[in-house]
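To start, the structure itself, in structure tokens.
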Amino acid sequence: MPLALLALAVVAFGIGTTEFATMGLLPQIADGVGVSVPHAGNLVSAYALGVVVGAPVLTGLGARIPHKRLLLLLSGLFVIGNTASALAPNFGLLFAARFLAGLPHGALFGVGAVVASRLVAPERAARAVSRMFLGLTVANIVGVPAGTALGQQLGWRYAYCAVAVIGLVSLAALALLVPHQPRGPQSGIRHELRAMGNRQVAIGLATAVVGFGGFFAVYSYLVPMLTHLTGISDSSTTLVLALYGVGMTVGTLIAGPLTDRALRPTLYAGLALLAGALVALFFAIHSTVPALVMITFVGAVGSLITTPVQMLLMANAKDAPTMAAASNHSAFNLANAGGAWLGGLVISAGWGWAAPNLVGAGLALAGLGLAFTGGIMSRGGRGSDTVASSGPETPTAASAVPAPATATGQD
């Protein structure tokens with residue numbers, strides 16, 4: 001695997017840290033800008049809204065910009081957004097800064113995934129993309145706990161300053177390590193939008209929203225589940241979340257090779273295992289050791305979904321995969337919002353703190369149904385689900401490793 005993937009992983013690490021650290025610092029932020037904790041929670045929504053809006057808009061605006069230059073511009077915007085978050089004097093400007101910080105999130109992941117897939121031979125593309133996603137999972141082990149601790153000890157503004165520094169490091173790494181990848185002569189926003197009209201792309205995005213919504217229905221309420229039902233102290237929940245991150249990292253490492261071998265079966269297995277794991281967690285959450293084992297397992301099988309969905313979208317968008325890859329992260333943030341809302345709904349209805357696990361299992365099964373529907377619809381056509389289909393926009397596009405003469409898929 002080329003060193004350029006390390007630069008992309010650093011970008012993902014910074015994104016994961018800034019996205020989730022806010023959740024752990026809500027009391028400190030609320031106190032700092034003079035609002036209630038529930039009101040401060042709108043900052044999480046502001047970031048998610050930025051992701052949903054920014055992924056298609058910034059990808060479309062940058063449709064003719066070479067990938068490396070676009071990555072540098074987006075990383076610069078990421079630094080500006082987090083610096084503005086650290087300096088915001090009141091809640092209104094902090095809300096705007098978090099929206100700004102979220103804008104480049106989806107586009108960075110989308111462009112980064114396309115770049116990563118073109119750094120290696122087609123049969124290793126999913127592995128390369130999963131290496132980039134490792135930065136996001138490691139952020140849950142190291143970045144989020146460290147950012148939360150820094151914010152709690154020195155003040156929440158220092159956490160955002162640290163993320164801005166990570167952004168500067170990623171800028172330098174991208175400039176030094178990522179090779180130039182020129183756009184094809186047909187590149188442009190119309191070309192990308194035409195690719196988004198593919199039915200398989202629409203089903204893939206719907207699968208991400210619904211299926212991964214099951215993951216977030218539980219993740220959003222994991223801390224109160226642990227404190228109310230498992231009996232774990234507030235001070236220990238950070239370690240449990242890090243354990244969750246370990247599971248996500250293991251799942252991401254496994255997902256790459258499995259997706260290269262069998263894309264759709266990996267997606268089906270991930271969604272089915274997630275549904276089963278969430279049902280098991282519903283029963284295990286009252287006992288410490290079984291709960292910790294199942295939480296780690298949920299993190300692992302949840303991460304089995306990310307890479308195959310990303311590669312499926314890129315494959316079906318064919319020679320204009322960038323917007324599809326970026327829109328995947330808009331879908332994940334819609335999953336975050338929808339899953340959290342549904343999980344909160346059953347808690348408010350009096351079903352108990354464990355109820356989001358069953359909601360999550362139902363969403364995972366619904367996502368599995370959508371994935372199966374897409375698989376049935378794709379039968380009989382050309383092998384558009386092969387990772388090789390997400391290759392360069394033109395045969396002359398630059399790649400760190402020359403592509404083999406034949407694709408891995410067959411008619």
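Computed over the alpha-carbon pairs of the stretch 228-377, the distance histogram in 10 Å steps reads 11, 36, 36, 14, 3, 0 percent, short to long.
For trypsin sites (Lys or Arg not before Pro), the sites in the stretch 34-100 that DSSP calls loop and that have at most 15 other Cβ atoms within 10 Å are 64. Surface composition of the stretch 35-142: carbon and sulfur make up 73 percent of the accessible area, probe 1.4 Å.
Sorting check: for 32-45, 209-222, 293-306, 76-89, which peptide has the highest mean count of neighbouring beta carbons within 10 Å, and how do the rest follow?
On the way: 32-45: 16.4, 209-222: 26.8, 293-306: 24.9, 76-89: 20.1.
Put in order of decreasing packing, that is 209-222, 293-306, 76-89, 32-45.
Taken about its Cα centre, the chain carries a charge dipole of roughly 800 debye when the Cβ of each Lys and Arg holds +1 and the Cβ of each Asp and Glu holds -1. Pairs of C-alpha atoms in the stretch 84-126 farther apart than 15 Å represent 57 percent of all such pairs.
Taking label positions 7 Å along the Cα-Cβ direction at both residue 236 and residue 36, the computed distance is 3.1 nm, reported to one decimal.
How much accessible area per residue does the chain have, in Å², with a 1.4 Å probe?
Numbers: 15590 Å² over 411 residues.
Here the per-residue accessible area is 38 Å².
The Cα-based radius of gyration and maximum Cα-Cα distance (Dmax) for the chain are 20.2, 62 Å.
Determine the calculated [θ] at 222 nm for the chain from helices alone, applying -39500 (n - 2.57) to every DSSP H run no shorter than 4 residues and normalising by the residue count; nearest 500 deg cm²/dmol.
Details: 17 runs with 308 residues, N = 411.
The helix-only estimate for the chain comes to -25500 deg cm²/dmol at 222 nm.
With R₀ fixed at 22 Å, the C-beta to C-beta distance from residue 149 to residue 87 puts the FRET efficiency at about 0.55.
The values are calculated or read from the model by the stated rules, or taken from the named source; none is laboratory data. Worth saying up front: this structure is predicted, and the values here are computed from it rather than measured. Counting neighbours? That spans all protein chains shown, and the Cβs are built from the backbone with ideal geometry, glycine included. Side chains are part of the model used for accessible areas, which takes the heavy atoms of the whole protein and leaves out ligands, DNA and RNA. Shrake-Rupley method; radii C 1.70, N 1.55, O 1.52, S 1.80 Å.
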